[in-house]
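What follows is a single structure, written as structure tokens, with notes after it.
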Amino acid sequence: MTQLIHGLHFKNIRGDIFGGVTAAVVALPLALAFGVASGAGAIAGLYGAIIVGFFAALFGGTPSQVSGPTGPMTVVMTAIIIDYLGKFPESGMAIAFTVVVMGGLLQILMGVLKLGRYINLVPFPVLSGFMSGIGVIIIILQLAPLVGHTTTKEGIFAAFQNLPGVLSSPVIDAAILGMITLFIVYLWPPKLNKLFPSQLLALIVGTALYMIFFRGGDAKVLGVIPTGIPALHMPSFNVELLVDMFKSAFVLSTLGAIDSLLTSLVADNKTRTHHDSDRELIGQGIGNTIAGLFWGLPGAGATMRTVVNIRAGGETPTSGMLHSLLLLAIVLGAGSLAENIPHAVLAGILIKVGIDIIDWEYLKRTMTAPRVDVVIMMVVLLITVFIDLITAVGVGVVAASLILVQRLTNLQLEQVKLITEPGEEAPLSVEEAEIMADLKGKVLLFHLSGPISFGAAKGMTRQLSGVEEYKIMLLDMSDVHMIDTTSCKAIEDIIHDQLATDREIYLIGFNDNVYDVLKRMDVLQLLDKTHVVWSRIEALRSAQLKLQAT
């Protein structure tokens with residue numbers, strides 16, 4: 001019987017409490033920072049952390065995972081908000097959060113259709129370039145608020161172009177607070193970080209310094225933050241934008257799925273357990289759907305918060321739900337304490353997040369890694385930063401797939417053997433070798449093995465062009481495990497070519513799957529039953545009799 005809440009038990013209450021509290025402490029500054037960075041406001045980040053964190057833990061498939069707004073999801077959401085607010089200033093925010101609802105529903109559909117296993121098949125260079133690109137975007141967008149300026153709403157390319165002017169004219173108060181934040185998050189000892197997270201320390205110290213030394217100055221702060229239970233907003237659809245909304249929702253759902261399932265793998269490694277990918281997608285989808293209805297940022301499994309939870313003792317969904325309830329308590333009773341948090345402090349925290357997201361390990365190996373993989377990674381990174389996320393992933397997956405097909409094709413073609421006389425490389429028995437020697441090149445044994453994909457189909461026919469001095473072809477498929485439609489077409493063309501030159505051809509030995517495909521594609525109908533045989537020796541004996549009779 002399927003457990004209602006995956007992985008839930010009460011044998012680890014103490015560990016789950018410590019894990020939930022620690023994860024909430026780490027999540028608080030990040031949720032505020034992501035909310036501000038998105039353009040929806042700090043409270044949207046908190047609502048997202050509360051709602052996605054709670055429902056993803058309740059309905060998800062990774063017991064120790066803590067979910068909420070993440071860097072990649074916030075980057076996408078920022079672009080969505082900018083896009084729809086630019087087109088419809090009055091209703092753009094409602095449309096943007098309707099996209100979040102749609103993205104959540106798509107994630108639920110992914111889980112119901114059991115697509116979780118396929119998301120894990122995205123090639124590593126594509127993921128590396130994509131995540132590094134996300135990190136670069138976060139850094140570029142947060143450099144302006146780090147020194148006291150407002151990030152441009154015209155997109156990442158405009159923000160990149162504005163950097164020289166922004167960095168050359170900093171707001172001194174904000175720049176000082178931003179630099180102090182960076183010093184804290186980078187210089188705080190790792191051992192102490194386990195006891196008191198550097199992000200929270202930076203938030204407290206930066207806010208205290210502002211209130212003591214810079215209040216009334218030029219550094220911008222969060223200002224009034226709403227408190228209380230979030231209001232329910234019904235989805236707002238625009239018929240003209242429906243296709244664009246679906247595309248945006250698809251990006252959110254796919255990115256959230258990848259982000260969450262990668263974190264699930266990390267959690268599995270830390271806890272020596274196995275997550276349920278499809279259930280995790282459903283849990284994330286439910287969380288994001290509800291978050292969108294309450295104008296909370298979309299989220300995903302958060303690697304850092306999950307690891308912190310596990311290290312503190314969290315093992316079950318209780319810790320993830322407790323983390324959300326603690327954040328809810330803060331929203332209900334301590335919202336006014338966040339009003340004096342400087343934007344520069346949150347920007348410093350996010351720059352650290354962006355730097356951590358960049359795949360430095362892979363970048364260090366660019367001189368020794370396969371060149372084609374490095375090129376794919378760099379192309380995906382640049383497209384992610386300067387064009388858009390879905391194009392980057394699409395280009396990367398297609399390029400990686402084509403390269404993989406080419407590599408598999410080369411391997412498959414190496415297994416194709418054209419044999420007119422017995423030799424060491426020929427897969428022949430003693431009797432078969434004797435018959436081949438007796439026929440003196442009049443029989444061509446075309447031996448295929450392994451899976452024959454569409455990539456190898458043209459190569460098969462090309463290899464035949466150099467062999468002409470034979471009268472009978474034996475197309476040996478006894479070692480073929482799988483064929484596709486293109487391979488069937490190639491085999492059909494080979495049969496037509498042999499018959500057109502008055503040569504006989506035998507199809508030899510195939511498993512049930514290969515036989516079924518050839519039959520359904522009407523390839524077997526091209527030959528009479530005597531030329532479709534199950535063993536190579538039977539075909540050789542038949543060919544020998546025919547040649548001896550002529």
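A short reminder: the numbers here are calculations on the coordinates, not readings from a lab. Worth saying up front: this structure is predicted, and the values here are computed from it rather than measured. Because the Cβ atoms are built from the backbone with ideal geometry, glycine has one as well, and the counts that use them run over all protein chains shown.
List of remarks:
- Exposed loop sites are taken as GluC sites (Glu not before Pro) in a DSSP loop (any state but H, G, I, E or B) with at most 11 other beta carbon atoms within 10 Å; the longest stretch of the chain without one runs 91-423.
- Loop-located trypsin sites (Lys or Arg not before Pro) in segment 266-358 (DSSP state not H, G, I, E or B) with no more than 10 neighbouring Cβ atoms inside 10 Å: 272.
- Taking amide H positions as modeled 1.01 Å from N, with prolines and chain starts lacking one, the residues under 5 Å from residue 504 and 5 or more places away or on another chain are 473.
- Simple spin-label estimate for residue 9 and residue 434 in nanometres, 7 Å along Cα-Cβ: 6.7 nm
- Sequence-separation-based contact order of the chain, relative, with Cα cut under 8 Å and 6+ spacing, percent: 24 percent
- Label corresponding to Cα extents along the principal axes in Å when calculated from the structure given, among (1) 71, 54, 41; (2) 107, 57, 52; (3) 74, 58, 50: (2)
- Amide H contacts of residue 450 (H built 1.01 Å from N, in plane; Pro and chain starts excluded): 480, 481 sit under 5 Å, all sequence-distant by 5 or more or on other chains.
- Among 420, 289, a tally of other beta-carbon atoms within 10 Å of each Cβ gives an order, fewest to most, of 420, 289.
- Point-to-point label distance, residue 208-residue 239, nm (Cα→Cβ direction, 7 Å offset): 5.9 nm
- Alpha-carbon centroids, segment 215-243 and segment 337-410: separation in whole Å: 29 Å
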